[in-house]
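Here's the structure we're looking at; comments come further down.
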Amino acid sequence: MPRLSKDQIRANQFRSRAAEVLEDSDWLDEGVRHWLEKQIRREPDYIYTENEHAALQRIIVAGMLFDGWDGYTVHELLAAASRYKADGNYEDEQEINELQSRNVDQLRLGEMAHLVAFCRNVAGLSLKRFEPVVPEDRTI
């Protein structure tokens, strides 16, 4: 069996990580899902560019799940936000209603950022800014 280069090993890891993301892809935009599928279908000897690796890393980071923020659970943050949703704009109210209807325990990065900002700026909760530590994954 021929020995694989570091670039080929890294490309195989890229495909594997992209496939993992696609296993739970309901939250992904259709264009992003299509891009990931296209990357997986590339020729087996294809070496992904640094830009492609960076794009996959951004997708992985966007998919990070959060149970809460600054000592508050997602349920507690949603409860606080729901009391003040009429004080926000229409889009805020719609998003809070949608999150409540899903009865979620965890939120992805973007949803949590929006909820924390709403709770800080509109509901008046004393929360620290939403600046999560994002791990750098050097395996892709």
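The values are calculated or read from the model by the stated rules, or taken from the named source; none is laboratory data. These figures come from a predicted structure and were not determined experimentally. With ideal geometry, Cβ positions are generated from the backbone for all residues, glycine too; neighbour counts draw on all protein chains shown.
Which pairs do you get when a residue that is over 12 Å from Asp70 (Cα atoms), found in the range 98-121, comes within reach of a residue that is in a helix (DSSP H, G or I) and modelled with pLDDT under 95, reach meaning Cβ atoms under 6 angstrom, with the pair 6+ apart or on two chains?
Final answer for the pair search is Leu109/Ala62; Phe118/Asp92.
Filter the range 118-140 down to residues that are in a helix (DSSP H, G or I) and touching a Leu at 6+ places or on another chain (Cβ under 8 Å), then give me how many there are. Quick ask: steps written out before the conclusion?
Here is the first cut: in the range 118-140, the ones in a helix (DSSP H, G or I) are 118-121.
Imposing the further condition that a residue be touching a Leu at 6+ places or on another chain (Cβ under 8 Å) reduces the set to 119-120.
So the count comes out to 2.
Does the range 83-106 contain at least one residue that is within 29 Å of Gln13 (Cβ to Cβ) and charged (D, E, K, R)?
no
For every residue, the table says whether it meets (1) of a type in the set (A, V, I, L, M, F, W, C); (2) in contact (Cβ under 8 Å) with a residue 24 or more places away in the chain; (3) surrounded by 12 or more Cβ atoms within 10 Å (Cβ to Cβ).
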site: Ala18; (1), (2), (3): yes, yes, yes
site: Glu30; (1), (2), (3): no, no, no
site: Arg33; (1), (2), (3): no, no, yes
site: Glu50; (1), (2), (3): no, no, no
site: Leu65; (1), (2), (3): yes, yes, yes
site: Ala81; (1), (2), (3): yes, yes, yes
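Looking only at the range 83-115, filter to residues that are farther than 23 Å from Glu131 by Cβ, in contact with a helix residue (DSSP H, G or I) (Cβ under 8 Å, 6 or more places away or on another chain) and of a type outside the set (D, E, K, R); which one of those is surrounded by the fewest Cβ atoms within 10 Å (Cβ to Cβ)?
Among those that are farther than 23 Å from Glu131 by Cβ, in contact with a helix residue (DSSP H, G or I) (Cβ under 8 Å, 6 or more places away or on another chain) and of a type outside the set (D, E, K, R), it is Ala86.
Quick test for you: out of Asp7, Asp92, Asp45, Asp26, pick the one residue that is under 14 Å from the mean Cα position of the chain (by Cα), charged (D, E, K, R) and modelled with pLDDT under 95.
It is Asp26.
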